[in-house]
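The values are calculated or read from the model by the stated rules, or taken from the named source; none is laboratory data. The structure displayed is predicted, hence computed values, not measured ones. As a convention, Cβ positions derive from the backbone with ideal geometry for all residues, glycine included, and neighbour counts pool all protein chains shown. What goes into the accessible areas is simple: the full protein's heavy atoms, side chains included, and nothing from ligands, DNA or RNA. Shrake-Rupley method; radii C 1.70, N 1.55, O 1.52, S 1.80 Å.
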Amino acid sequence: MEQRYLGRTGLRVSRIGLGTLTWGRDTDEHDAADLLKAFWDAGGTLVDTADVYGGGEAELLLGRLVDSLVPRQDLVIATKAGNVPDPYRRVNGSRGHLLAALDASLERLGTDYVDLWQVHAFDPATPLEETLQAVDQAVSSGRVRYAGVSNFCGWQLAKAATWQLATPGVRTRLASTQMEYSLLQRGIEREVLPAALDLGIGLLPSSPLGRGVLTGKYRQGTPSDSRGASERLAPFVEPYLDDAAARIVDAVATAADGLATSPLQVALAWVRDRPGVTAPIVGARNAAQLTEALSVEALSLPYEIRQALDDVSAPVHRYPDQDWSTL
């Protein structure tokens, strides 16, 4: 698998990442082992997790598989901290919480460092400089090699990245931002992506298959074994089952028919090759699904198809994104 530099850093990662959102909850150890082995065999290196995935079970599961199945040095392990299961405070970016969460993640993962540590979300109740001081302390201690953020809007990303660049050699440059991005969700193109491109920050798209909808599995209804049929995950899928999404899914299916490939591969190739993207993060229930996603390595969409997909999925961005004199 092709390797790409993560942002303006020397860290190289596979251009497809393996997500572990369902590990320890819907994905058991046997299936997780099959996924990790298939990913590694295909040349994949970037494995993304978080301290809240499965209430910590995803990190525990990954930690049990590393070294026993795949050498630690062959993986770029990325985890996150900051989201908390508290209905009154969903995000905690305080220095105390973040550093304690990092120590707990390292223990679950069975390693003394993570390659990429990401602040899971912006905390409006904590001064941003305090959050970023925790990042700097984690890196200077050797427990973290590179740092990034997740779910920061445009101004939040620009403020954080600029703060870190203000004192080169002292503060840690942000390497990445993880955001939802797909043909069904192009909102980051308004401000987040331009900021990331300008500041040299690599984009790690989550849900690159539109929460599974872009595979075409929902075109004839909701399969009984799908996320859309799950009581817990149905609200996650439902926003992408409207008429506007259906038109985009139909266009993806048409493109797939013309290329003799699958809608999954077309949708994934589109987001993988967008400007600023380093590696989409793909979740899969089993090794067969993952193998189909990884086979996208050989696919490059023709210009005409990319343009058609751009057009059918184009978000409406008016003032102030367009030249004001044309409005």
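So which of Gln133, Gln118 ends up being closer than 24 Å to Asp74 by Cβ, among the polar types (S, T, N, Q) and modelled with pLDDT of 95 or more?
On the way: Gln133 fails: closer than 24 Å to Asp74 by Cβ.
Result: Gln118 is the single residue among Gln133, Gln118 that is closer than 24 Å to Asp74 by Cβ, among the polar types (S, T, N, Q) and modelled with pLDDT of 95 or more.
Tell me which residues, restricted to region 287-296, are over 16 Å from the mean Cα position of the chain (by Cα) and either open to solvent by 60 Å² or more (accessible area, probe 1.4 Å) or under 16 Å from Gly19 (Cα atoms) (or both).
Those that are over 16 Å from the mean Cα position of the chain (by Cα) and either open to solvent by 60 Å² or more (accessible area, probe 1.4 Å) or under 16 Å from Gly19 (Cα atoms) (or both): Ala287, Ala288, Gln289, Thr291, Glu292.
Tell me, which strands (runs of 3 or more DSSP E) wholly within region 1-85 include 3 or more residues that are within 15 Å of the chain's Cα centre (by Cα)?
17-19, 46-48, 76-81
Restricting region 106-142 to residues that are touching a residue at least 60 places away in the same chain (Cβ under 8 Å) and open to solvent by 10 Å² or more (accessible area, probe 1.4 Å), which is nearest to Gly55 (Cα to Cα)?
Out of the qualifying residues, it is His120.
Given the residues Arg190, Arg211, Arg219, Arg145, which is the only one that is touching a residue at least 24 places away in the same chain (Cβ under 8 Å), open to solvent by 20 Å² or more (accessible area, probe 1.4 Å) and more than 27 Å from Ile305 (Cβ to Cβ)?
Arg145
Consider region 297-311. How many of its residues are farther than 30 Å from Trp40 by Cβ and either open to solvent by less than 60 Å² (accessible area, probe 1.4 Å) or modelled with pLDDT under 95 (or both)?
Qualifying residue count, region 297-311: 5.
Any idea how many residues of region 89-105 are open to solvent by less than 60 Å² (accessible area, probe 1.4 Å) and among the basic types (Lys, Arg)?
0
In region 251-286, what residues are open to solvent by 30 Å² or more (accessible area, probe 1.4 Å), part of a helix (DSSP H, G or I) and either of a type in the set (Val, Ile, Thr) or in contact with an Asp or Glu (Cβ under 7 Å, 6 or more places away or on another chain) (or both)?
Thr254
Could you please let me know if Leu65 is open to solvent by less than 40 Å² (accessible area, probe 1.4 Å), without any contact (Cβ under 8 Å) to a residue 60 or more places away in the chain and either in contact with a Cys (Cβ under 6 Å, 6 or more places away or on another chain) or closer than 21 Å to Tyr146 by Cα (or both)? Can you show your working first?
On the way: open to solvent by less than 40 Å² (accessible area, probe 1.4 Å): yes; without any contact (Cβ under 8 Å) to a residue 60 or more places away in the chain: yes; either in contact with a Cys (Cβ under 6 Å, 6 or more places away or on another chain) or closer than 21 Å to Tyr146 by Cα (or both): no.
No.
Going through region 93-108 one residue at a time, which ones are over 20 Å from the mean Cα position of the chain (by Cα) and assigned to a loop (DSSP other than H, G, I, E, B)?
Scanning region 93-108 gives a single hit, Ser94.
Would you be able to say whether some residue in region 148-161 is exposed (fewer than 14 other Cβ atoms within 10 Å of the Cβ) and over 30 Å from Leu69 (Cα atoms)?
Yes, the conditions are met somewhere in region 148-161.
Considering only residues that are hydrophobic (A, V, I, L, M, F, W, C) and in contact (Cβ under 8 Å) with a residue 60 or more places away in the chain, which ones fall in region 24-51?
Leu35, Ala38, Phe39, Ala42, Leu46, Ala50 - these are the residues of region 24-51 that are hydrophobic (A, V, I, L, M, F, W, C) and in contact (Cβ under 8 Å) with a residue 60 or more places away in the chain.
Select from region 120-167 the residues that are polar (S, T, N, Q) and over 18 Å from Leu203 (Cβ atoms) and list them in ascending order.
If the condition is that a residue be polar (S, T, N, Q) and over 18 Å from Leu203 (Cβ atoms), then Thr126, Thr131, Gln133, Gln137, Ser140, Ser141, Thr167 are the ones that fit.
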